[in-house]
Amino acid sequence: MGSLAWEALHRLQSPQPVEGVTIMVVAGIGIVVNTATALLFMRGSRSDLNIRGAFLHMAADAAISLGVVVGGLVILQTGWLWLDPAISLALVAVILVGTWALLRESLHLAVDGVPAHVDPRAVRTWLAGRPGVAAVHDLHVWALSTTEVALTAHLVMPGEPPGDRFLAEIATGLSHRFAIGHATIQIERDAMAACPACGCE
């Protein structure tokens, strides 16, 4: 987008003749192809960041092609050569606004941030409410990919150590309630004995 905007600014200063008919025909083909491709990605774009990126890319290409067709038609009718770079700048602005959320989510994923759909406080509260759990500490939630979420946590359980059934119930609950599919739980009898210097709750 930066490159396109830079070129458009130069063309605004010195407008160049454009082949209106050729541009409209090529751009019209682009509209059909890119729109059809975007529709293929539309369903999965809500749940997968990669698919959303592909969808927005195809949708942006279709929008650019539409802008080119409209611009070519107006230029043919009016001879306004400045309209071509002006439309380019407008499309740059629209695409940047439309993809800003995708960039933000991508950066969040890259730094292992907590996925937007997971509330760590709610997860902590739910874990602390399990039978026999006295405290929860060292809780970490992060995205393994665009569709998979991982969790690690220490549960303080002063009573008898729970069995595999308890851990299976925890894993099932985390999956169903918070869409966390990969959970690693460590059971401790005494939090301070297991972690004397961490100051955990």
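Length gain on complete extension for the stretch residue 25 to residue 73, per 0.36 nm per residue less the alpha carbon to alpha carbon distance? The partial results should precede the final answer.
Values: separation 48, 0.36 × 48 = 17.28 nm, distance 1.06 nm.
Fully extending the segment from residue 25 to residue 73 adds 16.2 nm.
For the chain, a Kirkwood radius taken over Cα pairs fed into Stokes-Einstein (4 °C, viscosity 1.567 mPa s) yields D = 62 µm²/s.
With N the number of residues in the range 78-165, Rg(Cα) / (2.2 N^0.38 Å) evaluates to 1.96. Under a 5 Å amide H cut-off, with hydrogens placed 1.01 Å from N, residue 188 pairs with 155, 156, 157 among residues at least 5 apart or on other chains.
Hey, got a sec? Which trypsin sites (Lys or Arg not before Pro) in the range 63-148 land in a DSSP loop and have at most 10 other Cβ atoms within 10 Å?
Numbers: sites: 104, 121, 124; in loops: none.
For trypsin sites (Lys or Arg not before Pro) across the range 63-148 that sit outside H, G, I, E and B with at most 10 neighbouring Cβ atoms in 10 Å, the list is empty.
Can you give the FRET efficiency to the nearest 0.05 for residue 82 and residue 43, using r as the Cβ-Cβ distance and R₀ = 35 Å? Efficiency for this residue pair is about 0.30.
Which helices count as membrane-span-like in the chain under these terms: full DSSP H, at least 30 Å along the axis by C-alpha, Kyte-Doolittle mean of -1.0 or more?
Values: long enough: 20-42 (32 Å, 2.06); 49-78 (42 Å, 1.39); 83-110 (39 Å, 1.47).
Span-like helices here: 20-42, 49-78, 83-110.
Its DSSP H runs of at least 4 residues, each contributing -39,500 (n - 2.57), put the calculated 222 nm mean residue ellipticity of the chain at -20000 deg cm²/dmol, to the nearest 500.
Judged by the mean number of other Cβ atoms found within 10 Å, the most tightly packed of the peptides 2-13, 130-141 leads the ranking 130-141, 2-13.
Computed from backbone phi, the HN-Hα couplings of the range 133-141 come to 8, 8, 7, 10, 8, 6, 7, 10, 10 Hz, rounded to whole numbers (Karplus: 6.51 cos²θ - 1.76 cosθ + 1.60, θ = phi - 60°; Gly and Pro given as x).
For the range 120-194, the Cα-based Rg and Dmax, in that order, read 12.0, 38 Å.
Above 16 angstrom, tally the Cα pairs of the range 2-110 and express them as a % of all pairs, no decimals.
Values: 3714 of 5886 pairs.
The proportion of pairs with Cα distances above 16 Å equals 63 percent.
FYI, it's all coordinate maths here, none of it is from the lab. None of these values were measured; they are calculated from a predicted model. Glycine also receives a Cβ, built like all others from the backbone with ideal geometry; neighbour counts cover every protein chain displayed.
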